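Presented below is the structure to which this report refers.
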Amino acid sequence: MDARHIPNLLGLFRIATTPLLFALILVGTPPADVGAVVVLLLMAASDIADGKIARRLQVVSPLGVFLDTISDKIFVTGALLPMVERGLLPSWVALLIILREFAV
């Protein structure tokens, strides 16, 4: 695999992993909650890493910028909605965060 594809693959990883995070949060058992935290941390780490890797390898691209932006929106929404469903987060807080995410 060519290293210049790593940043885009990390963005795709976040998009592909969001349904798993969503499901783990909804399950609501202690093991699922631990799994959700692990997945969330991996997704957050990939969000930090993709931009740094792209800049270091000088492979910043319009596709990469788009993937990073859209994957962040999907990731945030996919984490907050099941938290609202479980009563872990007030819906108005989630709405404000999601609206802010899509506004920028």
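Determine if the stretch 75-86 includes at least one residue that is of a type outside the set (D, E), loosely packed, with under 14 Cβ neighbours inside 10 Å and at pLDDT 95 or above.
Yes: the stretch 75-86 contains one or more residues that are of a type outside the set (D, E), loosely packed, with under 14 Cβ neighbours inside 10 Å and at pLDDT 95 or above.
Looking only at residues that are out of contact with any Asp or Glu (no Cβ under 9 Å at 6 or more places or on another chain) and hydroxyl-bearing (S, T, Y) in the stretch 48-72, which one is nearest to F13 (Cα to Cα)?
Restricting to residues being out of contact with any Asp or Glu (no Cβ under 9 Å at 6 or more places or on another chain) and hydroxyl-bearing (S, T, Y), the top hit is T69.
Are any residues in the stretch 87-104 loosely packed, with under 13 Cβ neighbours inside 10 Å, in a loop (DSSP other than H, G, I, E, B) and either in contact with a helix residue (DSSP H, G or I) (Cβ under 8 Å, 6 or more places away or on another chain) or among the polar types (S, T, N, Q) (or both), and if so, which ones?
Matches in the stretch 87-104: P90 only.
Are any residues in the stretch 4-43 at pLDDT 95 or above and small (G, A, S), and if so, which ones?
A16, A23, A32, G35, A36
Here are some conditions: (1) farther than 21 Å from V104 by Cα; (2) part of a helix (DSSP H, G or I); (3) modelled with pLDDT under 95. M1 meets all but one. Which one does it not meet?
(2)
Within the stretch 45-66, does at least one residue satisfy the condition of being out of contact with any strand residue (DSSP E or B) (no Cβ under 9 Å at 6 or more places or on another chain), on the phi < 0 side of the Ramachandran plot, crowded, with 16+ Cβ neighbours inside 10 Å and of a type in the set (S, T, Y)?
yes
This table checks each residue for (1) hydrophobic (A, V, I, L, M, F, W, C); (2) within 30 Å of R4 (Cα to Cα).
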residue	(1), (2)
I53	yes, yes
S61	no, yes
D72	no, yes
S91	no, no
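Look through the stretch 1-59, keep the residues that are among the basic types (K, R) and over 18 Å from K73 (Cβ atoms), and return whichever of them is nearest to the chain's Cα centre (by Cα).
K52
Would you check if A45 is closer than 14 Å to L9 by Cα, small (G, A, S) and not in a loop (DSSP other than H, G, I, E, B)?
yes
The values are calculated or read from the model by the stated rules, or taken from the named source; none is laboratory data. Just so you know, these numbers come straight off a predicted model, no measurement behind them. A quick note on method: Cβ atoms are made from the backbone with ideal geometry, for glycine too, and the neighbour counts reach across all protein chains shown.
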